[in-house]
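Visitor: Sharing a structure with you now.
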Amino acid sequence: MVNRDKSNDVPDQIEEVVRAQLESLGSRGKPFAIFDPELIDEAGERDVCELARLLSPEEFAVLAVPVAMLPALLPFLAPDHREMFQAGRPLVIAPIAVEDREANAAHRPPDTQPVKAAKAALETQAFRLVTAQKAAELARNNQARLLTAAEANERAKEAIGEAVWREGSDPDGSRRIGRVEGLIDRGRRLAAEFFGVANARDVGKAETFRVADRLGESLPGSAERREIVATLERDHRERAGGLADHELRARAHEGAMGRWSGSVREGAPIEFADGLDVTNGIATRQSAPALMRVAIDGDLNPGEVHRNLATMSEPFEIGRLIGRLSRGRSIELKPEQAKILVQSLHVFASQLHGSGEPETEADGCAWYLAHAALSCHDLGFWNKTITRILETGAAETIEPGAP
């Protein structure tokens, strides 16, 4: 149980002690948890025990921090995390080390690897999603509405352009179209390698078949078809928008890391705005489930720049692997990764037989991860494979299924 004993020290002395303890724990570079002994409830105590189990029990530390000290000790804490702490829940603190980055005199410094990965993900998926949305637009055709392929393509670019646009007012939409056309052009060059096909045109063919499969035997103009097409468009927009938001986050994080490095060289503390960008301590930010889709679609680990989700890095990495598998690449699944995947499959199954709605962000991540895995192989395959990996304790190479 968590120690609820109160300290008799005066507040200033407590803050000095707690600050020193925070700095000491932070210098180890390992995640640790904080809680307020006056606020924590039984559910919070269970959370602490579960965190200790998941995050290396031998090294995991838990520190008592009065809630009144949060603004002074952890100024970059996001509002939702502060609310959770005030409600009696523990918080995991993942220390972030400053990186020694060389000063760059260029007005626009070269892209770092996380920014390059975010850009490539948005470009390749924008190329795919426009072709998918074009197929969805054509599926709306009926006796009263008959778009040509060229008209459907323009509507698809408009839809995806709206989804990725983050640059302010654009009254006539011309800048949005220019933006999406640039993404399509760059994505086309990367598509064959990224999607594991012989020619970029094969991506469009695959999307046309996928949309046709979703339409099934629904009749043109029917309510059933309209509902299917609306669901497809919503999915296309959400995926494109999530990748666009992630690209912005990568740019903000990497820019702040560079400026922080400069502050250290000058012997100055980190600027408050940069601290918020490094830690992602902002009020409006992407959810863990949305970022699981980014990991799957984009072949990247969002935890690198969404530092508030550092404890999700391993599930994101598995999502990245499953995304590769879905694009026809073989992957290696390790025992510790197999454990996370089987837990996700269990969550997915329980949601199918229950309310169907994820109760937590972790459940939402599990749902998307399991759904992607089941699009590659059926449940029987995964159960047999994961059981074998866990019994032998050895990683296995997973080959993609037949198209």
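Visitor: Looking at residue 200 and the list (1) buried (at least 20 other Cβ atoms within 10 Å of the Cβ); (2) more than 30 Å from residue 114 (Cα to Cα), which single condition is not satisfied?
Guide: (2)
Visitor: Looking at region 373-385, can you tell me whether even one residue there is on the phi > 0 side of the Ramachandran plot and not assigned by TED's automatic domain parsing to the domain that holds residue 252? Show your work before the answer.
Guide: Initial filter on region 373-385 (on the phi > 0 side of the Ramachandran plot): none.
No, there is no match, as no residue in region 373-385 is on the phi > 0 side of the Ramachandran plot and not assigned by TED's automatic domain parsing to the domain that holds residue 252.
Visitor: Let me ask something else. Any idea which of 273, 283, 250 is of a type in the set (A, V, I, L, M) and closer than 24 Å to residue 297 by Cβ? Let's see the steps before the verdict.
Guide: Values: 273 fails: closer than 24 Å to residue 297 by Cβ; 283 fails: closer than 24 Å to residue 297 by Cβ.
Checking each option against the conditions leaves just 250.
Visitor: Separate question: Which of the residues that make up region 289-315 are crowded, with 24+ Cβ neighbours inside 10 Å, of a type outside the set (D, E, K, R), touching a residue at least 40 places away in the same chain (Cβ under 8 Å) and in a helix (DSSP H, G or I)?
Guide: The answer is 291, 292, 294, 296, 298, 302, 315.
Visitor: Within region 113-143, track down each residue that is over 22 Å from the mean Cα position of the chain (by Cα) and not small (Gly, Ala, Ser).
Guide: If the condition is that a residue be over 22 Å from the mean Cα position of the chain (by Cα) and not small (Gly, Ala, Ser), then 131, 133, 134, 137, 138, 140, 141, 142, 143 are the ones that fit.
Visitor: Under 7 Å by Cβ, and 6 or more places apart or on different chains, what pairs join a residue from region 219-243 that is over 27 Å from residue 122 (Cα atoms) and modelled with pLDDT of 95 or more with one that is of a type in the set (A, V, I, L, M) and in a helix (DSSP H, G or I)?
Guide: 225/139; 225/215
Visitor: Name the single residue that is farthest from residue 247 (Cα to Cα) among those in region 141-174 being basic (Lys, Arg) and modelled with pLDDT under 95. Outline the logic, then answer.
Guide: Taking region 141-174 as the starting set, the residues that turn out to be basic (Lys, Arg) are 145, 155, 157, 166.
Subset that is modelled with pLDDT under 95: 145, 166.
Details: 145: 37, 166: 11 Å.
Checking each candidate, the answer is 145.
Visitor: Same structure, new question: Which of the numbered conditions does residue 40 fail, given that it passes all the others? Conditions: (1) in contact with a strand residue (DSSP E or B) (Cβ under 8 Å, 6 or more places away or on another chain); (2) surrounded by 18 or more Cβ atoms within 10 Å (Cβ to Cβ).
Guide: For residue 40, the exception is condition (1).
Visitor: In region 147-168, which residues are of a type in the set (S, T, N, Q) and part of a helix (DSSP H, G or I)? Quick ask: steps written out before the conclusion?
Guide: Within region 147-168, the subset of a type in the set (S, T, N, Q) is 148, 153.
153 - this is the single residue of region 147-168 that is of a type in the set (S, T, N, Q) and part of a helix (DSSP H, G or I).
Visitor: Does residue 50 satisfy being in a helix (DSSP H, G or I) and modelled with pLDDT under 85?
Guide: Working: in a helix (DSSP H, G or I): yes; modelled with pLDDT under 85: yes.
Yes; evaluated as a whole, the condition is true for this residue.
Visitor: Which count do you get for residues in region 58-77 that are buried (at least 17 other Cβ atoms within 10 Å of the Cβ), modelled with pLDDT of 85 or more, in a loop (DSSP other than H, G, I, E, B) and within 27 Å of the chain's Cα centre (by Cα)?
Guide: 3
Visitor: Another question about this same structure. Need at least 2 residues that are crowded, with 16+ Cβ neighbours inside 10 Å and at pLDDT below 95 per element, so show me which helices (runs of 4 or more DSSP H) inside region 329-403 make the cut, counting only ones lying wholly within it.
Guide: Details: elements: 335-352, 361-376, 379-392.
The qualifying helices (runs of 4 or more DSSP H) are 335-352, 361-376.
The values are calculated or read from the model by the stated rules, or taken from the named source; none is laboratory data. All figures in this text were calculated on a predicted structure; none of them were measured in a lab. Note that each Cβ is placed from the backbone with ideal geometry, even for glycine, and that neighbours are counted across all protein chains shown.
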